[in-house]
Amino acid sequence: MNPTKDLPQTTQKVNTKKSVTKIILILSLCLTSYNLLAQEGSKKVIDSLTVRVETLSGKEKLEALTELGRIEFVTPNLLSRAQDIENEAKKQKDSHYLLTAYTYKMGYYFRVYNPDSINHYIKLSEPIARILPFTDKAVNRYEYNKSLSYLLRGLYDLALINQKRHLERVEQAGDVDPKIHLGIYMNLGNTYYLMEKYGEAQRKFKEALKYSRLSKNEKLNEVAILSLIAHSSSQSNNHKEATQYNDSIRQILNEFGTTFSPEFVSTQKAIADILDIQISLGLKDLKKAKELIKNFSQESDDKIKKSLKPDYNKILASYFSATHEYDKALDYIEQNIDQYGAEQRIFVLPPYFKEKASLLYDKQKYKLAYNELLKATNLADSINDSHSAIQLDELATIYELNLKEAEIARTRTQLKFSQTIIIALIVVAILLLTIALIIRNNFAKQKTKNNVLFKQQEELSKNINYYKKMIIDKANTNSININPLFQQLEEYMLKEEAYKDPNINREDLASTLGTNRQYLGSAIKEETGLTFTGYINKYRLENARKLLLENKDISIDDIIVECGYSSRSTFHRLFKEYYGMAPHELKLASISLQKEIIEEEMDDL
């Protein structure tokens, strides 16, 4: 049927009932094909690379096979190329390239519309995708295809859950390729569009547009995304904005068209033309719509018309419905019903049955309208029941995966915490060991030092006794050279041990010796160079040292009392100043040295 021959000349009310069309999926697949590494290459390049593959091995061979698949992504050869990648990946046990092979196969089956094969490879890919990082390109292609497969089956809620989960994971992963965000936001926009949430769809497409400008082939991505935004605006009855976006698309195609493939340019121009017709119908400008339909029919090639036939049929049905030419409108609606039925895209049919019922009702064929409406209701219920079962099954799987991921995350956290505790304990153990070694080293040094000091004290004690005896002998033979008062003091101190009295003072001692405190202090200074207090401390400390060396069982407190000190701290301070070690160190050194002497004597025996 040539629609231009049947176009009426009158302008009537426009029926703009919304239904699911194929435009969104065509655009999605077009952009998907590109983002999944599609590139048309010359036969010479393909042949050269094919020969080169035979000479390669290992990772290089996988990379070359993947490149061949990328070049021939939009050709029928893709399936065999994907099989070559799969065989080699299994041989080398490489998960990344095995998942790449499966995503290539999904791409092929998307183009030929084979949902069963798509689902088969999604199930094969699921366990592989779980073990690879979220930033892996093959994982992101798989996630993109998985969401798109939900859209093809009308499982919009599942698609939305999957896409949001994918986006959350990618954002948690940090810095990733802009193409990954681009694909996710494209899928989100498609989902909201098909759910007829056009405002949200626009927001997601605009996010995708931001990321498209960060990736290569910016203009190619921009054209496809602007087209989606324009369609969302049109469906929201914002026809002015839709026209602006459509004009931007044509401007880019005119300016950069030579950088795109001819097929892409032709398809995008045809889509823009159909949108212009839709906008005209939305504005109730049937005269302009008629002219645009005529131009499209005459100028578009057969291949483009065939690929866009369901969308074009929908536009023509809307036009003829607006002019009350219901038979012609019904004809185009029935063409779409037949096509979608043959393709087994059952979930798309209920809106068309409803639209058919509406047209029959306008024709006053109420019984037939009721039957079509009943078909739509029964089919929608059947689809909902089928989808509910699928969605419950898929949601259960997602729930189980979330539980496993949560368990893995918890285990990792616990492991990290345990590792932190172990590291902390190791550090503490090293510190304690270091401190113990330092203490041991210092103790050994101190012990050696104390032994040396002890020996020095023994020598000093001998010398003191020798010099005391010499002084006494000298005093007896030449007492005229010693101050008589000091000689009297020395005899009194040795005989009476007056220094042991903690309350001894210069006045009482001077009185006992029959002199005054000034003469006594002068005599001590003249003979020893010490003050009265220093003189008394000298006697006390020598006595303390003697007690420590001669009596190993005596306590420090007993020595303090025996030597005339009333302050423990004063005794310790003075003792260390005089002898270079604390009282207990001298005692330990004495005991240690005695043990060494006994051991040496035992060895000699």
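The values are calculated or read from the model by the stated rules, or taken from the named source; none is laboratory data. The structure displayed is predicted, hence computed values, not measured ones. Glycine gets a Cβ as well: all are built from the backbone with ideal geometry, and neighbour counts include every protein chain shown.
Here are some notes:
- If only residues of region 77-110 that are within 19 Å of Asp47 (Cα to Cα) and without any contact (Cβ under 8 Å) to a residue 12 or more places away in the chain are counted, the one that is surrounded by the fewest Cβ atoms within 10 Å (Cβ to Cβ) is Ser80.
- Subset of region 161-211 [modelled with pLDDT under 90, within 19 Å of Ala230 (Cβ to Cβ) and among the acidic types (Asp, Glu)]: Glu196
- Residue within region 559-567 that is more than 20 Å from Glu496 (Cβ to Cβ), at pLDDT 85 or above, in a loop (DSSP other than H, G, I, E, B) and over 60 Å from the mean Cα position of the chain (by Cα) present: yes
- Criterion: on the phi < 0 side of the Ramachandran plot, assigned to a helix (DSSP H, G or I) and buried (at least 20 other Cβ atoms within 10 Å of the Cβ) - qualifying residue of Tyr332, Tyr340: Tyr332
- Total residues in region 52-73, condition within 29 Å of Pro262 (Cα to Cα) and either part of a helix (DSSP H, G or I) or touching an Asp or Glu at 6+ places or on another chain (Cβ under 6 Å) (or both): 9
- Selection count where residues are acidic (Asp, Glu), crowded, with 19+ Cβ neighbours inside 10 Å and at pLDDT below 80, scope region 347-393: 0
- Subset of region 103-116 [closer than 18 Å to Glu343 by Cα, of a type outside the set (A, V, I, L, M, F, W, C) and assigned to a helix (DSSP H, G or I)]: Gly107, Tyr108, Tyr109, Arg111, Pro115, Asp116
- Within region 559-584, residues that are in the same structural domain as Lys538 (by TED's automatic domain parsing) have Cβ atoms under 6 Å from residues that are of a type in the set (Ser, Thr, Tyr) in these pairs: Gly564/Tyr499; Phe571/Tyr565, counting only partners at least 6 apart in sequence or on another chain.
- Screening Tyr144, Tyr113 for residues that are modelled with pLDDT under 90 and loosely packed, with under 15 Cβ neighbours inside 10 Å leaves exactly one candidate, Tyr113.
- In the set Lys164, Lys179, Lys240, Lys210, only one residue is at negative phi and surrounded by 15 or more Cβ atoms within 10 Å (Cβ to Cβ); that residue is Lys179.
- If the condition is being surrounded by 14 or more Cβ atoms within 10 Å (Cβ to Cβ) and more than 18 Å from Ile560 (Cα to Cα), then region 494-511 contributes Arg506, Leu509, Ala510.
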